[in-house]
Structures are given as structure tokens and as C-alpha cells.
Amino acid sequence: MTRCPHWRRVPPGLADEARARTASGCVDAAVQCQLTDSHAGSEHYGFLDETDRCTALWLRWSGADQVTLAVHTDCPDTGPLPHGDACCLFTGHLGRHTWEDGPPVEPPTHD
């Protein structure tokens, strides 16, 4: 999957709030939008950290001054078997799942 090329610095006040709300207490100073490069819409989402089991904190932005924190449940979709990779985005995300458009999956070999 090719990611959206947009990056955003995490504003200091939001970074402090994010650190207080995340599992690890650590967040990056800047994040890249994790949606696909062809996602429709003007909102971008950068992963900050897990907040709880199957839930994560995301930086959401759509303009220079429109930056907020968003808590989303993890996307429940998985790729086809045999590997069934999980999607690393959130429920209801725009665009493709993270396991789509990856390298082709080779079937396991048995001796």
C-alpha cells in the first residue's frame, strides 16, 4: 500500500494531551497520514499510539488550523488466508486496507 504523502507536526498542547491518554506515554513529534495515497476527502489521520485494547489515538487534520485528537477502534478486517494479515487502520477508514496492494502472498510449501 502506498501511503498518503502528507505529514503533520503534532502541536505541543495536543502532544501533551496525547501523552497523557496513550498506553506508552510517548508520541512522535510529527506523523504521516496512514491512509492510502488515493484516499478521498480532506481529512488526514496519523497514528499516535494505542490507548487501550483494540483502540488507538490518532492525530486528525484537514487544514493548517484544524488539528484534533481522535480515538478510534481498530479496523476488524483481515486479509485473505493463509496469512490473514490485520488492517493497521481504524474502523470506517477511507481507502484500502493496509494489507491490500502488498506483495503477493505465496502459498506455504510443505516438504
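Please treat every number below as a calculation from the coordinates, not as lab data. Just so you know, these numbers come straight off a predicted model, no measurement behind them. Methodologically, a virtual Cβ is constructed for each residue, glycine included, from the backbone with ideal geometry; neighbour enumeration extends over all protein chains shown.
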For the W7, H83 Cβ pair and Förster radius 35 Å, calculated FRET efficiency rounded to 0.05 is 0.75
With the chain reduced to its Cα atoms and the Debye formula applied, log10 I(q)/I(0) at q = 0.17, 0.20, 0.24 1/Å amounts to -0.82, -1.06, -1.36
Placing each pseudo-label 7 Å from Cα in the direction of the beta carbon, D65 and D37 end up separated by a distance in nanometres of 3.3 nm
Relative to the chain, whose Cα atoms define the longest principal axis, helix 12-21 and its Cα axis are tilted in degrees, nearest 10, by 60 degrees
So, with points 7 Å from each Cα along the Cβ direction, the D16-D28 label distance in nm works out to 2.4 nm
